[in-house]
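Readers should treat all values here as calculations from the given coordinates under stated rules, not as data from a laboratory. Fair warning: this is a prediction, and the values are worked out from it, not measured in the lab. All Cβ positions, glycine included, derive from the backbone under ideal geometry; neighbour counts span all protein chains shown.
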Amino acid sequence: MIYYLKGEIIYLRPLFTIVLCQGVGYGVHIPLSVSEKLKMGQKAELYTRMFHRENEQKLYGFLEPGEAELFEYLCSLSGVGPAVSMQLLSAYSAQELVDLLLHARLELIKKIPKVGKTRAHKILFECQQRPQKLQELKELLGDKESFKTEELYQAIEALLQLGYRKQEIEKAHEAIKKTRISLNSLGVQELIRLFLRHL
């Protein structure tokens with residue numbers, strides 16, 4: 001089992017990279033959140049997990065140990081393999097995803113590609129039966145990128161219901177954060193109006 005790689009990025013695509021370590025190139029599957037932070041030619045460290053299936057084995061890599069542990073946790077859920085886990089980790093940061101699972105945010109989870117409503121229900125049900133590990137992961141990852149408040153969760157869900165795409169909402173969120181407005185003090189309706197001004 002390979003748990004860690006340190007070497008040069010010699011090939012990079014949105015969901016795959018090759019890391020050159022002491023003359024050997026390791027192919028590693030990565031979520032979008034990782035590929036966005038890597039650059040060709042840079043020295044990188046990846047925390048990895050390997051999965052075997054029939055005659056195939058694949059290596060999955062992450063920038064933080066907590067992300068690798070979250071990936072392993074997701075893969076342990078019934079009906080969730082490496083492919084779906086990578087979709088989940090590509091759609092949200094590890095911190096955000098743990099928050100979504102802890103708060104059973106069906107509307108946000110079901111919109112992730114390859115998940116859908118039925119699988120999202122199963123994922124959230126099983127997570128609610130095993131909250132201790134998620135709490136441990138939350139502490140390990142910290143909450144620096146989480147949505148923070150219940151009101152903000154509800155506002156984002158409402159915007160998704162109105163037909164706005166997650167990428168549009170994230171862009172608006174980043175624009176709002178630059179204004180230094182305190183989102184934690186706003187109610188759901190105020191948050192929705194604020195986001196709409198930036199969408």
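So what is the orientation-averaged projected area of the chain, using the convex hull of its C-alpha atoms, in nm²? Could you put the intermediate results ahead of the total?
Details: hull surface 49.1 nm².
Projected over every direction and averaged, the Cα hull of the chain covers 12.3 nm².
Where the only charges are on Cβ atoms (+1 Lys, Arg; -1 Asp, Glu), what is the dipole of segment 65-141 about its Cα centre, to the nearest 20 debye?
Working: 10 positive and 9 negative charges, 98 e Å.
That gives a dipole near 480 debye.
To the nearest 20 debye, what is the magnitude of the charge dipole of the chain about its Cα centre, counting +1 on the Cβ of each Lys and Arg and -1 on the Cβ of each Asp and Glu?
Numbers: 28 positive and 24 negative charges, 104 e Å.
Using only the charged Cβ atoms, the result is roughly 500 debye.
Given the options 180, 165, 119, which has the most mean-square fluctuation in a GNM of the chain, springs set between C-alpha atoms less than 10 angstrom apart?
Comparing 180, 165, 119 in a Gaussian network model of the chain, the most mobile one is 180.
Could you tell me how many degrees, from 0 to 90 and to the nearest 10, lie between the Cα long axis of helix 82-91 and the main elongation axis, the longest principal axis, of the Cα atoms of the chain?
50
At each listed q (0.23 Å⁻¹), what is the log10 of I(q)/I(0) that the Debye formula gives for segment 53-135 modelled as equal alpha-carbon point scatterers?
-1.16
Quick one: 3J(HN,Hα) in Hz for segment 20-25, Karplus 6.51/-1.76/1.60 with θ = phi - 60°, rounded, Gly and Pro as x.
8, 10, 6, x, 10, x
So, in Å, what gap is there between the alpha-carbon centers of segment 36-54 and segment 98-177?
If we compute the Cα centre of each part, the gap is 25 Å.
Normalised by the residues of segment 27-154, what does the relative contact order come to in percent, with Cα pairs under 8 Å and at least six apart? All intermediate terms of the calculation are to be shown ahead of the outcome.
Working: 141 pairs, mean separation 28.6, N = 128.
The value is 22 percent.
Quick check: from the Cα gyration tensor, does segment 103-199 come out rounded (a/c under 1.5), prolate or oblate? Walk me through the numbers on the way to the answer.
Numbers: a/c = 2.22, a/b = 1.41, b/c = 1.57.
Because a/c hits 1.5 or more and a/b fails to exceed b/c, segment 103-199 counts as oblate.
Please report, in debye to the nearest 20, how large the charge dipole of segment 1-104 is about its Cα centre when each Lys and Arg carries +1 at its beta carbon and each Asp and Glu carries -1 there. Don't skip to the end; give the middle numbers.
Details: 8 positive and 11 negative charges, 72 e Å.
For segment 1-104, the charge dipole is close to 340 debye.
With n ≥ 4 as the cut-off for DSSP H runs, can you work out [θ] at 222 nm for the chain, using -39500 (n - 2.57) per run divided by the number of residues, rounded to the nearest 500? Before the final figure, lay out the partial values.
Values: 10 runs with 98 residues, N = 199.
Computed ellipticity for the chain at 222 nm equals -14500 deg cm²/dmol.
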